[in-house]
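In what follows, a structure is listed as structure tokens, so that the remarks can point back to it.
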């Protein structure tokens, strides 16, 4: 069946822009069509002046797969408007039903594309950092199919990046603690991200290449959630501490 992908992209873009939940897509999209919708939806943002700054990986941890009931790795695009400035409270009104998850971020100094090995991937990395991703499905009740979520930019909404650190050293089993208002809510390890976050970067290069794209120097790559996500509420203070890398934090405006 032929679907009007531009119409679907506009529907999703409007839902994100106005922070209004919509029903699951009535159209039964293929995975290729879902990525086409994602690209068209993001192009609308670029046309409004947003700039692409990288990409995020999704469903890279067992906890996330269990939480969302899916088993496929997915990816989405990041723009400069999604990046939260340090110390600036996050407005809850920008989102439908936001959740936060602890991640590792990579900053690239060289392009990556196609099938590569971990050594090649890390050679292109300028720095790594603790990071928080705010995910926000635009679908009612946070209910969606695999193609629904891909079309919706893989639920990407905002990100907070902690201090960038030297990428040298083992990233495979770094302790990660997510606290909300000073109380530990999620405790995990970077090993939950495909066994080692570098494997997420390897997968990212392959997945974007399948869409005829590449990761560029200067791009940020979010490796995926290491634990289940936590719902965000007004007045919350969230802090992620990552062994050896430092911390990243955000506050939600009252």
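The values are calculated or read from the model by the stated rules, or taken from the named source; none is laboratory data. Because the structure is a prediction, the values reported are computed rather than measured. All Cβ positions, glycine included, derive from the backbone under ideal geometry; neighbour counts span all protein chains shown.
Among residues that are touching a strand residue (DSSP E or B) at 6+ places or on another chain (Cβ under 9 Å) and surrounded by fewer than 18 Cβ atoms within 10 Å (Cβ to Cβ), residue 156 is not included. Going through (1) more than 14 Å from the chain's Cα centre (by Cα); (2) more than 30 Å from residue 24 (Cα to Cα) one by one, residue 161 falls short only on (1). Of the strands (runs of 3 or more DSSP E) lying entirely inside the range 170-236, the ones with 2 or more residues being farther than 15 Å from residue 248 by Cα and modelled with pLDDT of 95 or more are found at 183-189, 220-222.
Residue by residue, here is whether (1) crowded, with 20+ Cβ neighbours inside 10 Å; (2) out of contact with any strand residue (DSSP E or B) (no Cβ under 9 Å at 6 or more places or on another chain); (3) not in a helix (DSSP H, G or I) holds:
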{"position": "24", "(1), (2), (3)": "no, no, yes"}
{"position": "27", "(1), (2), (3)": "no, yes, yes"}
{"position": "39", "(1), (2), (3)": "no, no, no"}
{"position": "42", "(1), (2), (3)": "yes, no, no"}
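When every residue of the range 143-152 is checked against the conditions, none turns out to be assigned to a strand (DSSP E or B) and more than 13 Å from the chain's Cα centre (by Cα).
Residue-by-condition table, conditions (1) surrounded by 21 or more Cβ atoms within 10 Å (Cβ to Cβ); (2) in contact with a strand residue (DSSP E or B) (Cβ under 9 Å, 6 or more places away or on another chain); (3) under 30 Å from residue 37 (Cα atoms):
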position	(1), (2), (3)
214	no, yes, yes
217	no, yes, yes
223	yes, yes, yes
246	no, yes, no
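The number of residues in the range 3-15 that are within 23 Å of residue 211 (Cα to Cα), touching a strand residue (DSSP E or B) at 6+ places or on another chain (Cβ under 8 Å) and in contact (Cβ under 8 Å) with a residue 40 or more places away in the chain comes to 1. One residue stands out among those in the range 190-212 that are without any contact (Cβ under 8 Å) to a residue 60 or more places away in the chain and surrounded by fewer than 17 Cβ atoms within 10 Å (Cβ to Cβ): the one that is nearest to residue 130 (Cα to Cα), which is 195. Every listed requirement among (1) touching a helix residue (DSSP H, G or I) at 6+ places or on another chain (Cβ under 7 Å); (2) more than 23 Å from residue 53 (Cα to Cα) is met by residue 236 save one, (1).
The condition (being over 20 Å from residue 142 (Cβ atoms) and touching a residue at least 12 places away in the same chain (Cβ under 8 Å)) is satisfied by just one residue among 76, 87, 54: 54.
Counting residues in the range 158-166 that are more than 21 Å from residue 78 (Cα to Cα) and in a loop (DSSP other than H, G, I, E, B) gives one or more. Against the test of being surrounded by 12 or more Cβ atoms within 10 Å (Cβ to Cβ), at pLDDT 95 or above and farther than 28 Å from residue 216 by Cα, the options 34, 15 yield a single qualifying residue, 15.
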